[in-house]
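Visitor: Please see the structure below; I have some questions.
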Amino acid sequence: MNELLTPEIRQWIGRSDTPQRLEVGRRDIVKYAIATQQRLKKYRDGDEAPPMFLFNAHQPLVQIAALRPDGLTVDSLLPDLPLKRVMAGGVKNTYYRPVRPGDVLVLTRTLTDIYEKQGSTGPLIFVVYTMRVETENGAPVMEETRRRIFR
Amino acid sequence: MPTLNSVTIGSLLNERSHEPSAVSLFLYNAVIWNPHRIHFDEPYATQIEKHPGLVVDGPLQGDWLSQAVMEWLGDEGELMQLEYSNRRAAYLGERLRSGGEVVAIDRNTGTVTLDIYIKNDDDKVIAPGQAIVRLGD
C-alpha cells in the first residue's frame with residue numbers, strides 16, 4: 001500500500017485554506033429545501049436550514065474558465081493526485097446549533113488525512129477534510145468531516 | 001413524536017421513496033454550486049468517467065438520511081450527530097428508499113442512536129449511516 005501516495009502528497013495533511021465568510025439568507029434555504037424536497041415547514045419556509053445545508057458551502061467561487069475539465073472547481077487545498085476521477089465518500093457532522101437566516105458564519109477547512117485503499121475496480125485515494133463552522137464571535141455551529149474518493 | 005419515555009429499541013423510521021429526476025438533480029447541484037459534469041452531462045458521465053448514467057449525488061442521499069431523522073424526531077428533539085458512507089453509486093432512473101431504526105437508548109444522557117440507510121431497488125444498502133439525537137422526556 002501507499003504506492004500512490006508520495007511524501008509530497010502526504011505533506012498536505014494538516015494544511016488549511018483561507019476561512020470563508022458566509023451570510024445565510026432565507027431565500028438560499030428555501031431553494032435548498034425545494035431542491036432536496038424537504039417536507040418540514042420550518043425548512044420549506046426557510047426559518048431554519050436543513051442539517052446538510054452547508055455541504056460544499058466553503059467552496060471558493062471562481063470563474064468558469066478556472067473550472068477543471070470535469071466541471072469541478074480547482075481545489076487549492078488538494079495536492080496533485082495520480083487518480084483524477086472524483087466521487088463523494090461520505091460525511092460525519094456534529095451539530096451544536098441550527099443555522100438560521102441572518103446567521104453570519106465562518107467556515108475553516110483543513111485537509112486532515114489522505115489514504116489509499118484497494119477498491120473492487122482498482123486503487124482508490126481517500127482525501128478527508130474537516131470543516132469547522134463558527135459564528136463571527138467564535139461560537140461553534142457545526143463540524144463536518146467529509147471524504148472525497150479519487151479513482 | 002418520540003420521547004425518551006416512549007421510545008423503544010427497534011422502533012422504525014418511516015420509509016420514504018426517492019426518485020430523483022433530471023430537474024431535481026439539476027436544482028440540487030445548482031443550489032450546492034456543484035458543476036461536476038457526472039451529474040448533468042450524460043455523454044461525459046458515460047464516455048469519459050465510465051458511469052452507466054448520470055450520478056445521483058452522494059450528499060443528496062445524505063440529505064435524505066437527515067430528512068428521515070428530522071421527520072421522525074419532531075420539534076422537541078435535537079440532532080447531535082449525523083454520519084453516512086456512500087458505498088455504492090446510484091444513477092438517474094433508479095428508485096431509492098430512505099429509512100432507519102432505533103438501535104440504542106441512553107436514558108442517562110437522553111440520547112438515542114439510529115441506524116439509517118439508503119437502499120436501492122435490489123434492496124441493497126448503498127449508503128449506511130448513523131445518527132445520534134437527543135429526545136425530550
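The values are calculated or read from the model by the stated rules, or taken from the named source; none is laboratory data. The shown structure was predicted, so the numbers you read here are calculated from the model rather than taken from an experiment. Cβ: placed from backbone, ideal geometry, glycine included. Neighbour counts: every protein chain shown.
Visitor: Looking only at segment B:99-117, which residues are touching a strand residue (DSSP E or B) at 6+ places or on another chain (Cβ under 9 Å) and in a loop (DSSP other than H, G, I, E, B)?
Guide: Selection gives B:Thr109, B:Gly110.
Visitor: Also: For segment B:33-50, what are the residues that are in a loop (DSSP other than H, G, I, E, B), crowded, with 17+ Cβ neighbours inside 10 Å, aromatic (Phe, Trp, Tyr) and facing chain A (nearest Cβ under 8 Å)?
Guide: none
Visitor: May I pose another question? Of the residues that sit in segment A:67-83 and are in contact (Cβ under 8 Å) with a residue 24 or more places away in the chain and of a type in the set (A, V, I, L, M, F, W, C), which one is surrounded by the most Cβ atoms within 10 Å (Cβ to Cβ)?
Guide: The residue in question is A:Leu78.
Visitor: Another one. If the Cβ limit is 6 Å and pairs must be 6+ apart or interchain, which residue in segment B:84-109 that is under 30 Å from B:Phe40 (Cβ atoms) pairs with which residue that is among the charged types (D, E, K, R)?
Guide: Close Cβ pairs satisfying both conditions: B:Arg95/B:Glu19; B:Arg95/B:Asp121; B:Arg97/B:Glu15; B:Arg97/B:Lys119; B:Ser98/B:Arg16; B:Gly99/B:Glu15; B:Gly100/B:Asp115.
Visitor: Of everything in segment B:51-68, what is in a helix (DSSP H, G or I) and more than 10 Å from chain A (Cβ to nearest Cβ)? Give them in sequence order.
Guide: Result: B:Ala68, single match.
Visitor: Continuing with the same structure: With respect to the numbered conditions (1) farther than 18 Å from B:Glu94 by Cβ; (2) in contact with a strand residue (DSSP E or B) (Cβ under 9 Å, 6 or more places away or on another chain); (3) touching a residue at least 40 places away in the same chain (Cβ under 8 Å), which one is the sole condition not fulfilled by B:His36?
Guide: Here B:His36 clears every test but (3).
Visitor: Just the residues that are touching a helix residue (DSSP H, G or I) at 6+ places or on another chain (Cβ under 9 Å) and outside any loop (DSSP other than H, G, I, E, B), please, taken from segment A:81-104.
Guide: Result: A:Val86, A:Met87, A:Ala88, A:Gly89, A:Gly90, A:Val91, A:Asn93.
Visitor: I'm checking my understanding of the structure. Among residues of segment B:69-108 that are away from chain A (no Cβ under 14 Å) and modelled with pLDDT under 95, which one is farthest from B:Gly53 (Cα to Cα)?
Guide: B:Asn108
Visitor: Which is within 27 Å of B:Ala45 (Cβ to Cβ), away from chain B (no Cβ under 11 Å) and among the acidic types (Asp, Glu), of A:Asp45, A:Asp75? Talk me through it step by step, then tell me what you get.
Guide: Values: A:Asp45 fails: within 27 Å of B:Ala45 (Cβ to Cβ).
Just one listed residue meets the conditions, A:Asp75.
Results for (1) surrounded by 15 or more Cβ atoms within 10 Å (Cβ to Cβ); (2) in a loop (DSSP other than H, G, I, E, B); (3) of a type in the set (D, E, K, R), shown as yes or no for each residue.
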{"position": "A:Leu5", "(1), (2), (3)": "yes, yes, no"}
{"position": "A:Thr18", "(1), (2), (3)": "no, yes, no"}
{"position": "A:Arg21", "(1), (2), (3)": "no, no, yes"}
{"position": "A:Arg27", "(1), (2), (3)": "no, no, yes"}
{"position": "A:Tyr32", "(1), (2), (3)": "yes, no, no"}
{"position": "A:Gly46", "(1), (2), (3)": "yes, yes, no"}
{"position": "A:His58", "(1), (2), (3)": "yes, yes, no"}
{"position": "A:Ala65", "(1), (2), (3)": "no, no, no"}
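Visitor: Please verify whether segment A:50-64 includes one or more residues that are of a type outside the set (A, V, I, L, M, F, W, C) and touching a helix residue (DSSP H, G or I) at 6+ places or on another chain (Cβ under 7 Å).
Guide: yes
Visitor: Looking at this structure, is B:Pro2 surrounded by 13 or more Cβ atoms within 10 Å (Cβ to Cβ), out of contact with any His (no Cβ under 9 Å at 6 or more places or on another chain), closer than 30 Å to A:Val141 by Cβ and away from chain A (no Cβ under 11 Å)? Let's see the steps before the verdict.
Guide: Numbers: surrounded by 13 or more Cβ atoms within 10 Å (Cβ to Cβ): yes; out of contact with any His (no Cβ under 9 Å at 6 or more places or on another chain): yes; closer than 30 Å to A:Val141 by Cβ: yes; away from chain A (no Cβ under 11 Å): yes.
Criteria met by B:Pro2.
Visitor: Another question, if that's okay. Of all residues in segment B:10-32, which are of a type in the set (D, E, K, R) and in a strand (DSSP E or B)?
Guide: Correct list: B:Glu15, B:Arg16.
Visitor: Would you say A:Leu40 is in contact with a His (Cβ under 8 Å, 6 or more places away or on another chain), facing chain B (nearest Cβ under 7 Å) and not basic (Lys, Arg)?
Guide: No: the conditions fail for A:Leu40.
Visitor: Shifting gears a bit: Inside segment A:1-56, can you point out the residues that are among the aliphatic types (A, V, I, L, M), within 21 Å of B:Met70 (Cα to Cα) and touching a Lys or Arg at 6+ places or on another chain (Cβ under 9 Å)?
Guide: Once the filter is applied, which keeps residues that are among the aliphatic types (A, V, I, L, M), within 21 Å of B:Met70 (Cα to Cα) and touching a Lys or Arg at 6+ places or on another chain (Cβ under 9 Å), segment A:1-56 yields A:Val24, A:Ile29, A:Val30, A:Ala33, A:Ile34, A:Ala49.
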